1. Whether any residue in the stretch 247-269 is open to solvent by less than 10 Å² (accessible area, probe 1.4 Å) and among the hydroxyl-bearing types (Ser, Thr, Tyr) is what I want to check.
2. Out of the stretch 308-345, which residues are more than 26 Å from the chain's Cα centre (by Cα), open to solvent by less than 20 Å² (accessible area, probe 1.4 Å) and closer than 24 Å to VAL385 by Cβ?
3. Exactly one of (1) within 15 Å of ARG29 (Cα to Cα); (2) within 16 Å of ligand 2 (Cβ to nearest atom) is unmet by ARG109. Its number?
4. When you scan the stretch 25-131 for helices (runs of 4 or more DSSP H) that lie fully inside it, which ones turn up with 2 or more residues that are within 12 Å of ligand 1 (Cβ to nearest atom), modelled with pLDDT of 95 or more and open to solvent by 10 Å² or more (accessible area, probe 1.4 Å)?
5. Here is a list: GLU301, GLU273. Which entry is open to solvent by 20 Å² or more (accessible area, probe 1.4 Å) and either basic (Lys, Arg) or more than 29 Å from ARG342 (Cα to Cα) (or both)?
6. When the residues of the stretch 34-61 are filtered to those that are free of Cβ contacts under 8 Å to residues at least 24 places away in the same chain and within 16 Å of ligand 2 (Cβ to nearest atom), which remaining residue is farthest from VAL11 (Cα to Cα)?
7. Pairs only if they're at least six apart or on different chains, beta carbon under 6 angstrom, first in the stretch 67-92 and within 23 Å of HIS222 (Cα to Cα) and assigned by TED's automatic domain parsing to the domain that holds GLY25, second of a type in the set (A, V, I, L, M) and at pLDDT 95 or above; list them, first residue then second.
8. Pairs, please: C-beta under 7 Å, at least 6 apart or cross-chain, first residue within 15 Å of ARG324 (Cβ to Cβ) and in the stretch 274-294, second not in a helix (DSSP H, G or I)?
Amino acid sequence: MDPCQAALSIVKELREAGFQAYLVGGCVRDRLLGKEPEDYDVCTDARPDQVEALFPRTIATGIRHGTVTVIAAGHPVEVTTFRVEGAYRDGRRPDHVRFVGRVEEDLARRDFTINAMAQDPEGAIIDPFGGRRDLERRVIRTVGAAEDRFREDALRMVRAVRLAAQLEFSLHPETEAAIRRMAPDLARLSVERVTQELEKVWKARRPSRAVASLFRLGMMKHLPPFHRWDLPSFPRPPALDALDGAASRRMRWALLLHLCGQKPEEAAGRLKELRLPRRDAEEIGRLYRSAAAWPSSLAEEEGKRRIFRDGIGFCREALELSRRMGVIDEAARLRQVEALNRWNGEMPIRRWEELAVNGKDLIDAAGRPAGPWVGRTLRILADAVILGRLPNNHQLLIKEGVRIGRDATADPGDDD
Ligand code: ATP
Ligand code: MG
């Protein structure tokens, strides 16, 4: 059973139990566009406890707000009771919700006309706000007065820009004008919600559309955490275009920092402000630093050492990022991609684990206690193997390692 059939089976079961139930929101929109929905949402007049009682496998996702996750054939589907909501005063979730009896009331609290449609199992669409018309015209338009809707929840402004990029739609002029007026309200948002939307932007074919809008509509200077940064008033056009077609999410984060004028050394800290997981922030920071200092020509030895130290994947990514940042030109990139691939193919070992000798082998063979000489010797051996100066042969590397270790110890000023 695919996720869509799973969601429909939930709708049918609710209906057989005497409730109203529909597919709703993004999945209806995406089905009408002929796109595969990210996730499926169901709305119903059944109360959360009634939903829980009806299905054997449920998770109490947001009971107070009316949401129960039902697991059908292994697929999680959010089932939400028809509701209307108060303002999002804390910038996170509505202060209060009230359950209601009619699907139209529920649709009215949704953000955009194209997200405010419901569909029954026979395929009939409930569309009180002209969502289908706006899908045809490819516009993002709020349900009701844009300013009021943005005052209730400022995230909707970010969602508007995100959806416009994701669907390659434009903003309705009234929606756009309201964003310009209401942008200062963005300051109340939690960083987590902003970052979640940006992660969705990175999946779009052209993320530059969203980032350009954030600047053009005056949103960036109010948006946490960017409002605390020293930002350009508008990024230089090549920096923006570089976002499109970047092969990875990590590059897109790095490019965002770049076009926001943030230095490579600041990157990891900035990404932590954006609440990215620590490891992720540090990896992206490392990538950005590497790309910012990427040389326009790379000698074979240096290239092979980089492949061994960072991995070929990281090198390819840093190289592409460096080109996108305008650090190296396209001719240099092409030369280096080709060279890196060739070197990677030639290298007898690409990771430490592949070296035919380890620290314990060396200690045993030398009959000496462990000490800094071990790591130093291994580095010399690995370097020689990588560059093809020694074969990756166990016996030979041990012999050579013992000799290097002895010489190193004989060296005055050695510290082991
Ligand atoms: P995606 O394709 O990324 O899943 P989506 O439109 O489905 O986009 P979700 O965050 O999954 O976005 O939200 C599901 C639905 O809930 C939306 O289509 C919309 O109807 C409603 N919704 C979500 N966030 C808000 C909000 N902040 N204000 C009003 N309605 C919202
Ligand atoms: Mg969705």
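The values are calculated or read from the model by the stated rules, or taken from the named source; none is laboratory data. Quantities reported herein were computed from a predicted structural model and do not represent experimental measurements. No Cβ is skipped: glycine too gets one built from the backbone with ideal geometry, and neighbour counts run over all protein chains shown. Accessible surface is based on the protein model in full, side chains and every heavy atom, while ligands, DNA and RNA are left aside. Shrake-Rupley method; radii C 1.70, N 1.55, O 1.52, S 1.80 Å.
1. No - not one qualifying residue is present in the stretch 247-269.
2. Within the stretch 308-345, GLN336, ALA339, LEU340, TRP343 qualify.
3. The number of the failed condition is (1).
4. Here the list reads 26-32.
5. Just one listed residue meets the conditions, GLU273.
6. My answer is LYS35.
7. Between residues of the stretch 67-92 that are within 23 Å of HIS222 (Cα to Cα) and assigned by TED's automatic domain parsing to the domain that holds GLY25 and residues that are of a type in the set (A, V, I, L, M) and at pLDDT 95 or above, the close pairs are GLY91/LEU189.
8. Qualifying pairs under 7 Å: ALA291/MET325; ALA291/VAL327; ALA292/MET325; ALA292/VAL327; TRP294/VAL327; TRP294/ILE328.
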